[in-house]
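**Student:** Let me begin by handing over the structure; questions about it come next.
The values are calculated or read from the model by the stated rules, or taken from the named source; none is laboratory data. All of these numbers come straight from a predicted model, not from anything done at the bench. Neighbour counts are summed over all protein chains in view; Cβ atoms, including those assigned to glycine, are modelled from backbone coordinates with ideal geometry. Heads up: the accessible areas ignore ligands, DNA and RNA and are worked out on the full protein's heavy atoms, side chains in. Shrake-Rupley method; radii C 1.70, N 1.55, O 1.52, S 1.80 Å.
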Amino acid sequence: MDSKKKSSTEAEGSKERGLVHVWQAGSCSVTPERLPGWGGKTVLHAALGVKHGVLLTEDGEVYSFGTLPWRSEPAETCPSNPILESALVGQYVVTVATGSFHTGAVTDSGVVYMWGENSAGQCAVANQPYVPEPNPVSISDSETSPLLAVRILQLACGEEHTLALSLSREIWAWGTGCQLGLITTTFPVTKPQKVEHLAGRVVLQVACGAFHSLALVQCLPSQDLKPVPERCNQCSQLLITMTDKEDHVIISDSHCCPLGVTLSESQAEIQASTTVSPSSETLDTQGEVFENTLVQNEPPAATELNVGNVQTASVQTTSFPQDIMGTTEVSSASRPSYPDTQAVNEYVQKLSDHSVRESSENGEKPVPSQPLVEEAIPNLHSPPTTSTSALNSLVVSCASAVGVRVAATYEAGALSLKKVMNFYNTAPCEPGALAGSSSIGPEGLKDSREEQVKQESMQGKKSSSLVDIREEESEGGSRRLSLPGLLSQVSPRLLRKAARVKTRTVVLTPTYSGEADALLPSLRTEVWTWGKGKEGQLGHGDVLPRLQPLCVKCLDGKEVIHLEAGGYHSLALTAKSQVYSWGSNTFGQLGHSDFPTTVPRLAKVNSENGVWSVAAGQDYSLFLVDTEDFQPGLCYSGRLDPTEGDNLPENHSGTKMPVLLSCSKLGYISRVTAGKDSYLALVDKNIMGYIASLHELATTERRFYSKLSDIKSQILRPLLGLENLGTANTVQLLQEVASRFSKLCYLIGQHGTSLSSFLQGIKEARSLVILKHASLFLDSYTEYCTSITNFLVMGGFQLLAKPAIDFLNKNQELLQDLSEVDEENTQLMEILNTLFFLPIRRLHSYAKVLLKLATCFEVTSPEYQKLQDSSSCYESLALHLGRKRKEAEYTLSFWKTFPGKMTDSLRKPERRLLCESSNRALSLQHAGRFSVNWFILFNDALVHAQFSTHHVFPLATLWAEPLSEEAGGVNGLKITTPEEQFTLISSTPQEKTKWLRAISQAVDQALRGMSDLPPYGSGSSIQRQEPPISRSAKYTFYKDPRLKDATYDGRWLSGKPHGRGVLKWPDGKMYSGMFRNGLEDGYGEYRIPNKALNKEDHYVGHWKEGKMCGQGVYSYASGEVFEGCFQDNMRHGHGLLRSGKLTSSSPSMFIGQWVMDKKAGYGVFDDITRGEKYMGLWQDDVCQGNGVVVTQFGLYYEGNFHLNKMMGNGVLLSEDDTIYEGEFSDDWTLSGKGTLTMPNGDYIEGYFSGEWGSGIKITGTYFKPSLYESDKDRPKVFPEILSRSQTQTLESLEFIPQHVGAFSVEKYDDIKKYLIKACDTPLHPLGRLVETLVAVYRMTYVGVGANRRLLQEAVKEIKSYLKRIFQLVRFLFPELPEEGSTIPLSAPLPTERKSFCTGKSDSRSESPEPGYVVTGSGLLLPVLLPRLYPPLFMLYALDNDREEDVYWECVLRLNKQTDLALLGFLGVQRKFWPVTLSVLGENKKVLPTTKDACFASAVECLQQISTTFTPSDKLKVIQQTFEEISQSVLASLQEDFLWSMDDLFPVFLYVVLRARIRNLGSEVHLIEDLMDPYLQHGEQGIMFTTLKACYYQIQREKLN
């Protein structure tokens, strides 16, 4: 490494990056040259064609060099120095690509520029052989409207075609040939077209060979798998045929589509390729139709079936002894049949005799005598660890597919059998691919997976996976569930046996992590190829061309991360740093000498550390490999040009194995590019160790991934597959470990891949994923550590010891190798333990490398700070996880010594021991002499253990405080839990401090949840001194009799529920609301289920000290609802009870007073069924005392009640005004002395007995009253009514206006406004009061209560309200004067006006203006009356019914006359008759026919009396009417005048008649009853009297 001075900055160092070195192909010994004529610009990317190349510099400029025949200037066709492409100046180019003779570039805005040779349309220009300058290519998606330009990410160029990968991950193609993948026969294609076959898939990268194309595609998520079509897309023939023979079914998939092959090649070629693979074509062209599966019953690969001791490990890649040429068919009849298990064993044994084992992953050479037929086999490498029984899987798949009766046959002869065996023994595939690989293909498999998941869940095994670990092992087990010919005629008995086998499925969770996949490159990939395949460069096992992309199935699950295409060969780089190669191998360019080369094989690059970048030239390959000192080495494999001494120059030879070139002096190679005769490397100098540190990070991460993958496939998988792993719990924990391990492993793989591509870019430290998304790594490591420590605590390693001992003994060397343990005598379990904790060591390496990188920057720079912070972050997590491991080991050793029975109940995976008192350091105060008290503090609970019992106190609801020394508790700790309180005495003050600190920290951590991690970005966790006294927690009571087994979830304070919370009892009772000191207190909701009615009681309201207290609503399960006050869980105070609904048997309503759950005091009861309403006094739930009953039939009773019955003195009135006054003994039953008065005044005095309405027995005297006897006043026994309002005031009252100084009209108005506002809000006590009073009033006087007899009571009740509320208002406003006081005017009235009936001019009328005299009605009626008006006015209407009928008849009759006739009839003086009228601004003469036009404004004004509520408002309307009349008369007289009552009355009478007010009598009586007394003798009083006189006058008017 170059050690330069620290002062060298990054800027200086950057000049030493991207240096270009060029080699000539065909020679391994020549040292590279610097590119002639190239200056010092940093090159980011280079590309080489056959005779030319391009360089892309870091500032986005493009330079061309080599032979450039398309340039217009002759001097530029073969320039000595690289020349700048001036057409691209001003554009920032991000990537470049070259074909054989053409070039492309992509700018940062996603625009493609092409130039060079265009004979095949490869530059997307029509009819032009060359494109001399970079020319923009228009790519637009015709499916979008309007047309949108497609932005491009990457380009790849072949000899005659170009592919572009768009931002939306779709491929666009142009040029000539089947390698375009387009459905067209017209070439060249000069307008870029989308490759529809891959539309909708996420393409990650494209690569072009001379005449073939490759694409790296992300696997589909499992739910997107498309079912295999029934018919061929091209020729519409059935893909799978089924023939039913006597006792078996033949299923054939040998359909070969003629359209899947280009027919332009010679016929001989086709025949040649067909001989290679008789029926392989169908497998390829139709997207693996062979995969279609009928298995839906059981997960086949997981099934264990004992078919003798079949050594299936040897049946890895079975090859037949004879070469099968042409189309060898073996008919099903000629196959041997297998009557029993023995025969199957023998047959398999025979097969295994011919078997060939190969494990190319470990670099072993295969046996060369393999027949040609093997080209048809998609995958020929399997690790030696594969030990699943392929035959067993087959038997079961057949059994489950065709049931007990029928087995399948397979028509493609012995070759197919061979394929079948291989399908079941392919290399292990990474779970990543299984989770979402489209190779799974058909719908049937998805179904069988679903079935499998169901099975797993039934076995109670927690799993988030759809992937069986043994399925993974034999990839084909899950993917090739066809019905192969191997078991063409297995006996039904054997099949039945197979079908009955119970499976035990062990699952490895998928490695999918949404966040990681969004930020890092995906490893779940597939390789798709198309184009010409003459050299096998497509990798499908044949030499046929492909018109459309087809998936290379055997690369599924290999985690391919990058593709390269040479002239006629292809390379695929995997995340495990391996390279698969296929295609032309004339010069050994595939890196191996294996045969055949039509399927991908591992290249044997002789470097232990793996390959991280590749390049493919015309006939050679380059591999960038990791070396021990992290400096990349370059390997060459392919054509070797003859040296001068060779005799046969025309015979080119090639390398047998890739050769390592000596290039360590150059520096750190970041990228290689290959052309035809030369290849080029971009090299960075290692300034200040920066580049070396980056390479160290990348190399170690890739190696770490390989190690993790090995552990997963060689240790974890076999372990999970073992039998008798112990309890379901242990298996689940091991699965959890495996799952988290897989997830971590996948993340590391993704990170290694991203670092490889990072090294090929600008290499800015701040864009390192490990810095930008540190939380992703920290979380994954923490999750893994949690699962492995949980496994450790539960004694997982001890439990594994027995079932795994054989496996571990066999693989002892492997274990030691992987775990890096050197000592000989180490126990196997300890090695395994070390192995599982291995990943956590990696965090130290991250910290170390990040620190190294930080030292390359100035201390003040933001990069230094960021790298330094991240380094400490990883280091602190490593230390933290180390502590976690020690905690787990300490806990495990504790469980080993703890009594067995308690261990079972207390041992939990996530529970850790913090400290325990076995050393007698802590004892219970006041404990008995012989008692044993052992205290154990875990991270989630404090356990108090005695001889044979123990009690667990959850830490979330535990409060610990030291006892002061004064209290006598020298070293005492007071422990408070919801139901216990005890004192612990420690032996020394140090012990006390230790325990107090331990408990406080544990409680604090329990409250924070599992977040005891060091926070990201800071060095250590800041511990609170002590946990909060008030907290949120969940607790189940076990002791308290009232709360036994109830669960509380909410706020706590010092051991008691306090604040908002929810309390649930096991029987379904639930309280949700506020608590105080452990009891329900405040506002809350309570539900009690009623099992008998299958409904629930429901209370919403206020509570005090655990009981319902205050305002609330209680809905009973029976349907009753009580709204009102509660006290001590009982109805107490004012309340409304609704019983039943109108349709139910006994609907009723009660509103009134309650005492201790019973009706007592004044109340109104409406019995809707009987049509009766009771208003009066109650005691102990019965009517007792004075009361009134009215019925819907017009009966009215007023008097005494006893035990719900009319008893004692009372008055009864019937509808026809018959009155009985006397004694009663029962409801409506007269009994005793009394008087009966007839409607005409006659009455009977005497003794009465009998029920009213069904005959009464009378003994008495009949009287005719004298004409001069005055009417008797009947006694009134109705009580004064006022409901008690809710006395509880709200905590926050509205601000009450305060007044200082003399009381004025303004202040009076302020009070009025305040009252209106207060009464409008039910939250204000006055509003609540008014609301309650209105409810009582309406309840009383609506329905049956709408009885004219009740009018006087209703009016009295309103007056009673006014009087009492006025007292309350005076209490609120002490400065408000007494009722009847006059408020002095603050200013004289603005205008003088004449008194209406006298001529005197006066600033005051004879009585004060309304509102300036303080009265209860003036202040409160505006608030109350609008609410009470409907029931009150109805009573008035009923009471004045007869009068108003007479009045209305007269009004209708008199209104038939014209205006002038009516004025004359009423005796209005002529001078007051209007002569003209103003109608819409025009003056019109009053004609004899005119009707409803005179005094119209006064008539309209009077009609408004019906729209007002209060007497004062109604009086104002009357006053306004008089003024309107005066205005009309003044307008016609044109002179001043004085009204006399004789003149005024007839005119007013006319206005009243024309106003046609229907219930005028009710209006008049309402005003009379409720108007302020002081108004009666004022002006408004006189006007009201006039109106009243008019009302009575109208009733007496007679028309002549």
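**Student:** Taking the residues in the range 515-547 that are open to solvent by 10 Å² or more (accessible area, probe 1.4 Å) and in contact with a Phe, Trp or Tyr (Cβ under 6 Å, 6 or more places away or on another chain) as candidates, determine which candidate is farthest from V217 (Cα to Cα).
**Tutor:** So the residue we want is E535.
Residues are listed down the side, and each one gets a yes or a no for (1) free of Cβ contacts under 8 Å to residues at least 40 places away in the same chain; (2) more than 27 Å from G617 (Cβ to Cβ):
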{"residue": "S145", "(1), (2)": "yes, yes"}
{"residue": "L148", "(1), (2)": "yes, yes"}
{"residue": "R151", "(1), (2)": "no, yes"}
{"residue": "A164", "(1), (2)": "no, no"}
{"residue": "G177", "(1), (2)": "no, no"}
{"residue": "A210", "(1), (2)": "no, no"}
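**Student:** Also, I was wondering about something else. Taking L892 as meeting all but one of (1) part of a strand (DSSP E or B); (2) out of contact with any Ser or Thr (no Cβ under 9 Å at 6 or more places or on another chain); (3) of a type in the set (A, V, I, L, M, F, W, C), write down the number of the exception.
**Tutor:** Unmet for L892, out of (1) part of a strand (DSSP E or B); (2) out of contact with any Ser or Thr (no Cβ under 9 Å at 6 or more places or on another chain); (3) of a type in the set (A, V, I, L, M, F, W, C): (1).
**Student:** Here is a follow-up. On the basis of being in contact with a Lys or Arg (Cβ under 7 Å, 6 or more places away or on another chain), open to solvent by less than 10 Å² (accessible area, probe 1.4 Å) and without any contact (Cβ under 8 Å) to a residue 60 or more places away in the chain, does Y580 make the cut?
**Tutor:** Criteria met by Y580.
**Student:** Only one of these conditions is not met by K852: (1) surrounded by fewer than 14 Cβ atoms within 10 Å (Cβ to Cβ); (2) of a type in the set (K, R); (3) closer than 27 Å to L778 by Cβ. Which number is it?
**Tutor:** Status for K852: all satisfied but (1).
**Student:** Here's another thing I want to ask about it. Modelled with pLDDT of 50 or more, out of contact with any Cys (no Cβ under 6 Å at 6 or more places or on another chain) and surrounded by fewer than 16 Cβ atoms within 10 Å (Cβ to Cβ): is that true of S1381 in this structure?
**Tutor:** So S1381 fits the description; yes.
**Student:** Going through E1085, E1080, E1105 one at a time, which residue ends up being more than 34 Å from the chain's Cα centre (by Cα) and of a type in the set (D, E)?
**Tutor:** After ruling out the rest, the residue left standing is E1105.
**Student:** What number of residues in the range 1331-1378 are open to solvent by 10 Å² or more (accessible area, probe 1.4 Å), among the acidic types (D, E) and assigned to a helix (DSSP H, G or I)?
**Tutor:** 1
**Student:** Looking only at strands (runs of 3 or more DSSP E) that fall completely inside the range 79-181, which ones have 1 or more residues that are open to solvent by 10 Å² or more (accessible area, probe 1.4 Å) and under 27 Å from Y679 (Cβ atoms)?
**Tutor:** 93-98, 112-117, 130-137, 152-157
**Student:** Restricting to the range 1093-1126, and then to whatever is of a type in the set (A, V, I, L, M, F, W, C) and in contact (Cβ under 8 Å) with a residue 24 or more places away in the chain, can you tell me which residue is nearest to S1139 (Cα to Cα)?
**Tutor:** A1117
**Student:** What are the pairs with Cβ atoms under 8 angstrom where one residue, in the range 859-872, is over 11 Å from Y846 (Cβ atoms) and among the β-branched types (V, I, T) and the other, located anywhere, is open to solvent by 60 Å² or more (accessible area, probe 1.4 Å) and in a loop (DSSP other than H, G, I, E, B)? Sequence gap at least six, or different chains.
**Tutor:** Taking only residues 6 or more apart or on different chains, not a single pair turns up.
**Student:** Whether any residue in the range 1522-1530 is part of a helix (DSSP H, G or I) and in contact with a Leu (Cβ under 7 Å, 6 or more places away or on another chain) is what I want to check.
**Tutor:** Checked against the condition, which is being part of a helix (DSSP H, G or I) and in contact with a Leu (Cβ under 7 Å, 6 or more places away or on another chain), the range 1522-1530 yields no hits at all.
Quick grid of which residues meet (1) touching a Gly at 6+ places or on another chain (Cβ under 8 Å); (2) not in a loop (DSSP other than H, G, I, E, B):
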position	(1), (2)
L622	no, yes
T627	yes, no
L634	no, yes
P642	no, no
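**Student:** While we're here: Anything in the range 1164-1187 that is under 18 Å from G1140 (Cβ atoms) and outside any loop (DSSP other than H, G, I, E, B)? List them, or say none.
**Tutor:** V1164, F1165, D1166, D1167, E1172, K1173, Y1174
**Student:** Hey, any hits in the range 697-710 for a residue that's of a type in the set (G, A, S), surrounded by fewer than 23 Cβ atoms within 10 Å (Cβ to Cβ) and in a helix (DSSP H, G or I)?
**Tutor:** Checked the range 697-710: at least one residue is of a type in the set (G, A, S), surrounded by fewer than 23 Cβ atoms within 10 Å (Cβ to Cβ) and in a helix (DSSP H, G or I).
**Student:** Separate question: Confirm whether V1190 is part of a strand (DSSP E or B), open to solvent by 40 Å² or more (accessible area, probe 1.4 Å) and touching a Gly at 6+ places or on another chain (Cβ under 9 Å).
**Tutor:** No.
**Student:** In the set L571, L538, L550, L563, which member is within 20 Å of F211 (Cα to Cα), at pLDDT 95 or above and in a loop (DSSP other than H, G, I, E, B)?
**Tutor:** Only one candidate qualifies: L538.
**Student:** Applying the selection to the range 33-50, what residues are more than 24 Å from Y690 (Cα to Cα) and either open to solvent by 30 Å² or more (accessible area, probe 1.4 Å) or among the polar types (S, T, N, Q) (or both)?
**Tutor:** E33, P36, G37, W38
**Student:** Counting just the residues of the range 1218-1256 that are farther than 21 Å from G1185 by Cβ and acidic (D, E), which one comes out surrounded by the most Cβ atoms within 10 Å (Cβ to Cβ)?
**Tutor:** Among those residues, the one meeting the criterion is E1245.
**Student:** Moving to a separate point now. Does L1212 satisfy being in a strand (DSSP E or B) and either over 20 Å from E1172 (Cβ atoms) or polar (S, T, N, Q) (or both)?
**Tutor:** no
**Student:** Next up: Among (1) in contact (Cβ under 8 Å) with a residue 12 or more places away in the chain; (2) basic (K, R); (3) surrounded by fewer than 16 Cβ atoms within 10 Å (Cβ to Cβ), which single condition is R1427 missing?
**Tutor:** Going through the list (1) in contact (Cβ under 8 Å) with a residue 12 or more places away in the chain; (2) basic (K, R); (3) surrounded by fewer than 16 Cβ atoms within 10 Å (Cβ to Cβ), R1427 breaks only (3).
**Student:** Considering the range 958-985 alone, what residues qualify as being outside any loop (DSSP other than H, G, I, E, B) and in contact with a Ser or Thr (Cβ under 6 Å, 6 or more places away or on another chain)?
**Tutor:** W959, G972, K974, I985
**Student:** Report yes if some residue within the range 38-48 is free of Cβ contacts under 8 Å to residues at least 12 places away in the same chain, out of contact with any strand residue (DSSP E or B) (no Cβ under 7 Å at 6 or more places or on another chain) and over 24 Å from A681 (Cα atoms); otherwise report no.
**Tutor:** no
**Student:** Right, another one. For P1014, indicate whether it is part of a loop (DSSP other than H, G, I, E, B) and modelled with pLDDT of 90 or more.
**Tutor:** So P1014 fails the test.
**Student:** How about the range 1139-1182: which of its residues are open to solvent by 50 Å² or more (accessible area, probe 1.4 Å), at pLDDT 90 or above and of a type in the set (D, E, K, R)?
**Tutor:** Across the range 1139-1182, the qualifying residues are D1157, K1158, D1180, D1181.
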